[in-house]
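Okay, structure first, notes after.
The values are calculated or read from the model by the stated rules, or taken from the named source; none is laboratory data. Note that the coordinates shown come from a computational prediction; the quantities given were computed from them, not determined experimentally. With ideal geometry, Cβ positions are generated from the backbone for all residues, glycine too; neighbour counts draw on all protein chains shown. Note: accessible area is taken over every heavy atom of the protein model, side chains too, but ligands, DNA and RNA are not part of it. Shrake-Rupley method; radii C 1.70, N 1.55, O 1.52, S 1.80 Å.
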Amino acid sequence: MHTFEFIRPADPDAAVATASQAKTAQQGADVRFIGGGTTLIDLMKLNVETPARVLDINRLPFDKIEATSDGGLKIGATVRNSDLAHHPVVQRDYAVLSQAILNGASAQLRNMATTAGNLLQRTRCMYFRDTAMPCNKREPGTGCPAITGANRMLAILGTSDHCIATNPSDMCIAMAALEATIHIQGTKGPRAIPFADFHLLPGSTPHRETVLEPGDLVTHVTLPPPIPGSKQVYLKLRDRASYEFALASAAVVITIAGGNVTKARIALGGVGTKPWRSPEAEAALVGKPADAANFRKAAEAALRNAKPQTENGFKIELAKRCLTHALQTAVNA
Ligand SMILES: Cc1cc2nc3c(=O)[nH]c(=O)nc-3n(C[C@H](O)[C@H](O)[C@H](O)COP(=O)(O)OP(=O)(O)OC[C@H]3O[C@@H](n4cnc5c(N)ncnc54)[C@H](O)[C@@H]3O)c2cc1C
Ligand code: SF4
């Protein structure tokens, strides 16, 4: 691993001021914040990330989970994934988030991983992680060998001719369905970003993954007040039962009255280049009877624009069945 300076900023302002000296907050940033380090250190060992300065934010005051005045929840950037998943309010009111986190990684990793680090974890595309290979995300303009190569795990929604990498997070899929908001402290002060606007599609600039600019520090995430009576399920399908990323997953937050769906928020994992909210599936459900035929129609709508690659066409039917089963499980809960 290359040498780097390890810094513990005294407060958030100092952290932002130092990070703002970086040329970019995207791939190749020369200053990086570190939370649990379970993504960053891996990538530094592989020389995929080579920051000159690493800013340890673990002593900054971002480790609390608190109620907000509007009845929602504020989750600090350095709250560990385990603490979030096991928090009683999360388990009671935001069960889909607890389930999604507990479906990710391993207990040891969840004990280290932080809220902000999970939001910003990087793709597991093998070419991205191998500096001997070209990769547009790691080195813009070098090409995307995954399009004709090993793409079984990669995306079928939101892809471009420049990158087909999957966003690997489970937590983010639940946060997309819960309509979380991400709070940033930057050089111009604080700002709040709706979850759907935080991650970017690859387009022709796959090295830009989020809207973050140099200096931007994620301070916390807020969840809106829980939807009364909503049923919530996270279902993850993968090659083995634990310690494995999703081939397809579905986060479902649904409300039913008189046998009809009155509200639905749906997001898919393992299939999108960003955490994939599906307004198409939601529109197909609301106002309709909560039955198997309509769940299948919603799944068809969610995957209508899917584009299979050479090895991952199976994901289209898998994702449909995943969403259908998640909806049925929610209704039966
Ligand atoms: C073997 C293995 C299996 C895994 N399996 C899964 C899985 O099944 N599902 C899943 O969802 N995840 C999985 N993960 C990924 C894991 O969830 C992430 O590594 C973890 O959530 C990252 O959190 P962290 O705090 O360790 O991030 P770090 O490594 O500390 O940081 C990650 C990125 O976020 C940036 N960052 C951190 N905090 C801030 C902040 N406050 N503001 C701005 N930028 C910040 C860092 O600079 C870095 O670029 C797995 C990881 C491993 C190693
Ligand atoms: S899919 Fe994206 S991350 Fe993977 S090789 Fe292509 S450009 Fe790189």
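Determine which single condition Ala196 fails, assuming it passes every other condition in (1) more than 30 Å from Pro134 (Cα to Cα); (2) surrounded by fewer than 21 Cβ atoms within 10 Å (Cβ to Cβ).
Unmet condition: (1).
Could you list, ordered by first residue, the pairs with Cβ atoms under 8 Å in which the first is in region 190-208 and small (Gly, Ala, Ser) and the second is part of a helix (DSSP H, G or I), at least 6 apart or interchain?
Once the first residue is small (Gly, Ala, Ser) and sits in region 190-208, its partners that are part of a helix (DSSP H, G or I) give Ala196/Ala176.
Rundown of residues vs (1) within 15 Å of ligand 1 (Cβ to nearest atom); (2) part of a loop (DSSP other than H, G, I, E, B), yes/no style:
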site	(1), (2)
Ala146	no, no
Asp161	no, yes
Ile173	yes, no
Ile182	yes, no
Leu212	yes, yes
Pro226	no, yes
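Restricting attention to region 30-47, which residues are surrounded by fewer than 19 Cβ atoms within 10 Å (Cβ to Cβ) and either at pLDDT below 95 or charged (D, E, K, R) (or both)?
Matches in region 30-47: Asp30, Asp42, Lys45.
Every residue in region 7-29 that is open to solvent by 20 Å² or more (accessible area, probe 1.4 Å), part of a loop (DSSP other than H, G, I, E, B) and away from ligand 2 (no atom under 16 Å from the Cβ), please.
Arg8, Ala10, Asp11, Ser20, Gln21, Lys23, Thr24, Ala25
How many residues does region 139-167 hold that are within 11 Å of ligand 2 (Cβ to nearest atom), of a type outside the set (Gly, Ala, Ser) and out of contact with any Pro (no Cβ under 9 Å at 6 or more places or on another chain)?
Summing the residues that are within 11 Å of ligand 2 (Cβ to nearest atom), of a type outside the set (Gly, Ala, Ser) and out of contact with any Pro (no Cβ under 9 Å at 6 or more places or on another chain) in region 139-167 gives 7.
Search region 101-133 for residues being more than 6 Å from ligand 1 (Cβ to nearest atom) and touching a Cys at 6+ places or on another chain (Cβ under 8 Å), and hand back the single one that is nearest to Ala176 (Cα to Cα).
Of everything passing the filter in region 101-133, Leu119 is nearest to Ala176 (Cα to Cα).
Might you check whether a residue that is more than 11 Å from ligand 1 (Cβ to nearest atom), among the basic types (Lys, Arg), over 28 Å from Ala241 (Cβ atoms) and at pLDDT 95 or above occurs anywhere in region 63-84?
For region 63-84, residues more than 11 Å from ligand 1 (Cβ to nearest atom), among the basic types (Lys, Arg), over 28 Å from Ala241 (Cβ atoms) and at pLDDT 95 or above: present.
Only one residue in His199, His220, His207 is out of contact with any helix residue (DSSP H, G or I) (no Cβ under 9 Å at 6 or more places or on another chain) and modelled with pLDDT of 95 or more, so which one is that?
His207
Quick one: in region 113-138, which of the residues that are open to solvent by less than 30 Å² (accessible area, probe 1.4 Å) and more than 7 Å from ligand 2 (Cβ to nearest atom) is farthest from Ile65 (Cα to Cα)?
The extreme case among them is Arg122.
Residue pairs, Cβ under 9 Å, 6 or more apart or interchain, first in region 236-265 and polar (S, T, N, Q) and assigned to a strand (DSSP E or B), second open to solvent by less than 10 Å² (accessible area, probe 1.4 Å) and within 16 Å of ligand 2 (Cβ to nearest atom). List them.
What qualifies is Ser249/Gly270; Ser249/Val271.
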